[in-house]
Every structure is written in C-alpha cells, then in structure tokens.
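Input: a single structure, listed below in structure tokens.
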Amino acid sequence: MRRLFNLFVFFLICSPLLRADERPNIVLMLSDDQGWDGLSVAMHPDIGGSKGQVFHTPNLERLAARGMRFSNAYSPAPVCSPTRISLQTGKSPAQLHWTKAAPAQTGQRLMEPKLIKSIPDSETTIGQMLQRAGYATAHYGKWHIGGGGPGKHGYDQHDGDTGNEQAYKFQDPNPVDIFGMAQRAEQFMTQSVQTGKPFYIQLSWNALHASENANRATLAKYQAKLAGESEKRITTAAITEDLDAGVGKVIDAIDRMGLSKNTIIIYMSDNGAGGGGGGKGRSGGLRGGKGGVWEGGIRVPFIIAGPGIEANTWSHTPIVGYDLFPTFCQWASIDPSKLPSGIEGGSIAQVCTNGGQGNVERPNEGLVFHFPHYQSEGGPQSSIRVGDWKLIHFYEDGRDELYNLKDDVSERRNLAGQATAQSQDLHQRLERYLLRVNAQMPTKNPDYDPNIRVEPKKRGGRNNQGPAKP
C-alpha cells in the first residue's frame, strides 16, 4: 500500500510536467514588407490578384497545402515597429502609443504625435508569458523595438537588439542572414527536445530588406527571367525566393526531427507592401500600400499549419496580429486570468481547428488601425472594420470614406454618401475606441505655411524603393 501511495504521489507531482510536454511547440515566422500578393500562394481562393505572378515560393506553397490560409488577415499597423511591439504585447499600436516607425514629418498641416519608441519594462511580452509557462524561447532576426533587446523581454536565446541594419551585414551565401537564422532555429529546437521543453521560436526575417543582397545565383535567375524590368523588381523577386528557401529549411528541420505532429507554424508579414500606390491597386488588387490604412497597407499573407488544423483549408474570418498573443497562451494552457490587463486580441485557436469557421472574441468590437501620420496617400488617418464594412477617417479634411469589403476589396466605391447611417455608426465606434485606449491624435500645426512644399520622407532603412510588382 505504501508503494502504491508513493506512486500515486509521484504521478500527481509529475503529471503537470507530462501535460506540459504535450503542449505544442510554436514557430512564428514574420517577413518584412511582404504584401498580400507577395507569394506564389494565393491568399484568397477567388481573387487572382492575391497571388504574385513573378514570385516563386514553393515551400510556402507546401506549408499552405498542409495548413490553413486566412484571407482576411491583418498586420496591427501599416509599418513595421508598431506591428512588432503589438505582436509582443497583444495590444494595438494605438494603445501602446507607437504608431509609426519612420521619423515624423514636419511642416505639414497637422503635427504628428510624439511616440514611445522603446518597449517599456512594464509590458509583459509573449516571450515572458511562455517562458514562465515552461517554454524554451528564442527570437532570431530583426527586433527593432529597443528596450534592451529580446533577452530583457523573455527570450532565452536571441540575436540582440537588432534593427534594419541587420539585413545589410549578410550576403551570399547567407543573404540577409536567412540561412543563419534557420540554422540557429534548428539548433534551438534540438536543445529544447533534449531538455524536454516545448519551444517558442520567433523568426523575424530581415527579408525583404536589402534585396540586393540576394544570392548571386538567384539574382542571375531573375535577371534573365525579368530582363528589362527594374533592378528593384528583380532583386525583390530574388530575395523572396531566398527567403522561401530559408522557410523550407525550418520546415524540413521540424519534419526531420519528428516534431511536425506537435508543432504549429505561422507565417505572416509585418505590414502590407508598397509606398502608397495612389489608389492604383498595386498590391494584389488592393488599394494603397505601406504607411496607410487602405487594405494594401494592412492586409497581409497569413498561413498556419499544425496539429488539429485541416490541410489545404481557408478561413475568411478577419484576424489581426495581436490575436496571436492570447492564441499562444491558450495553446500553452495558460489560465486566461493570468493574461496582462489591456490585451486586445482574441484567440484564433478554435477557428483554426473548426475548419476556419467562427468568430474571434475580442474585448473591442471590430478592428481599428490608427495611423495619425504622414507617410502615404491621404495623410493622417484611421480606419475601423466591423463585419464586411470598413470606414476610413482622414484627419486633414475630416472626411470619411466607407467601403463594403465583401463586394469591393479594392476600395473603389465610396459608399459614405449612400449608407449614411452605417457611416455615422462606424465613425462613432472609431471615436469611442480611440478615446477608450487614449490614442494619440494629430494636432493643428500653428506654423503651417501652405506655400512651402514639404517633400515626403522616405521610409526607414537603406532600401527606400518600393517592392516589386506582383
């Protein structure tokens, strides 16, 4: 009887550890400046423009074939750093008071708000949440949110407090450190398996920055294939294929180690591509691009594969990057009451395992994208999406535009003058949300001179040209 009692006590002590071992590993891959149409994988089954025509991403095609694609996936912001801190904290850039990456524009009609450009110690990151829950954690590649780097914010292994400069250090045979990051991820997976810990790895790829650093053989391929096209289009296509090869190395390592049945892989971009587009629908039939809240600036590729996710499926449920925080916590069996206050995302776990069907429950209704800055078409702006309806508010002239995304994903037909009740309702919801999270707003510039032309500043990093056309 004593022996049975001792065995029973041993089981009670060890069973939480056994359950922890059964929790899924999580690998999040985040590309840089890659549009909705930036892959050779369609992001919508009925929209041809959701797939690039010159890009070759066979490994992402493979990932999509074994998982689910979200056709209505959004980055938290139309630029990189606000998205990155949002992913770490589960909060919107509006709440975090970090809504832009590039320097503020001066001399404009409105003044941009001052930003917090370093992740504060008071924020609890997803790395810290998972680390406390017994996960081994790693962050490789572009951090770009300061605060002392990943090591201070919940990551056991990392590449340091890196930014855009990281991309330019690496050339053939390791363009923008794509293959080095993949190798470090495999080594970390091996260590985690040996210690019996589930792992969380975030691979914040430096690509598509420094596209001119693509492997010489890949560049030669596209120089021949796209003869006569711009150098930027050629190099972007080349670095996209190199990035896909790095993704393939990570997937192959997971398969080779026998971890695919218990590892969830997510692939997404930090913002939509382009430098505007002037309403010409450059990005997969989407209007606008980086630095604006048109669909082209915020709708991004999103692929997820892993246990319980049906192969080659679609979800049209709208999701946003900060939904991943509570999703990861759910997969890690973290009590929802332990989540930090102010979390704005909702778990997508049930949607993933329910054939893509269902809604995401969030504290706030709808999705808000707040960009009170000058960087693209229209100047400072905010948008809100509820269901299929989307309203965009422009702060310079106070106008609203209204679109039904189900019928008009390219945002060509402004319905604000027709569906006035819908427009007013969404405008009021947008105002209430921004007030609730104490969002920073643009203010009138008392020194504005309309006779002085202000040249727009280019986006951050050395590579200031727009992306390749699809």
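The values are calculated or read from the model by the stated rules, or taken from the named source; none is laboratory data. The shown structure was predicted, so the numbers you read here are calculated from the model rather than taken from an experiment. No Cβ is skipped: glycine too gets one built from the backbone with ideal geometry, and neighbour counts run over all protein chains shown. SASA here: full protein model, heavy atoms, side chains in, ligands and nucleic acids out. Shrake-Rupley method; radii C 1.70, N 1.55, O 1.52, S 1.80 Å.
Across region 70-84, rounded Karplus estimates of 3J(HN,Hα) from the backbone phi angles (6.51 cos²θ - 1.76 cosθ + 1.60, θ = phi - 60°) give 9, 7, 10, 9, 10, 7, x, 8, x, 9, 6, 4, x, 5, 5 Hz, Gly and Pro being marked x. May I ask you to work out the translational diffusion coefficient for region 124-280 at 10 °C, viscosity 1.306 mPa s, via Stokes-Einstein with Rh from the Kirkwood sum over Cα pairs, reported in whole µm²/s? Rounded, D is 94 µm²/s.
In a fully extended conformation the segment linking Q194 and N404 would gain 70.5 nm over its present Cα-Cα distance, using 0.36 nm per residue.
When the alpha carbon coordinates of region 201-243 are projected onto the principal axes, the ranges are 39, 17, 12 Å, largest first. How high is the FRET efficiency between A421 and E455 when r is their beta carbon distance and R₀ equals 41 Å, given to the nearest 0.05? Efficiency computed from Cβ-Cβ geometry: 0.50. Classify region 72-180: rounded, prolate or oblate, from the alpha-carbon gyration tensor (a ≥ b ≥ c, eigenvalue square roots; a/c under 1.5 rounded; otherwise prolate if a/b is larger than b/c)? It is oblate, given that a/c is not under 1.5 and a/b is not larger than b/c. When GluC sites (Glu not before Pro) are flagged only if DSSP places them in a loop and at most 16 other Cβ atoms lie within 10 Å, the longest unflagged stretch of the chain comes out as 1-228. Think of a 1.4 Å ball rolled over the protein heavy atoms: the chain then has 41 Å² of accessible area per residue. With respect to the chain, whose longest principal axis is taken over its alpha-carbon atoms, helix 178-195 is tilted by about 30°.
Principal-axis analysis of the Cα atoms of the chain puts helix 2-22 at an angle of about 30° to the longest axis. Here the contact order of the chain, divided by its residue count and restricted to Cα pairs under 8 Å and six or more residues apart, works out to 24 percent. Between the helical axis of 216-225 and the longest alpha-carbon principal axis of the chain there is an angle of about 50 degrees. Here the gap between A65 and S337, fully extended at 0.36 nm per residue and compared with their Cα-Cα distance, gives a gain of 94.4 nm. If you wrap the tightest convex hull around every Cα atom of region 329-411 and split its volume per residue, you get 137 Å³.
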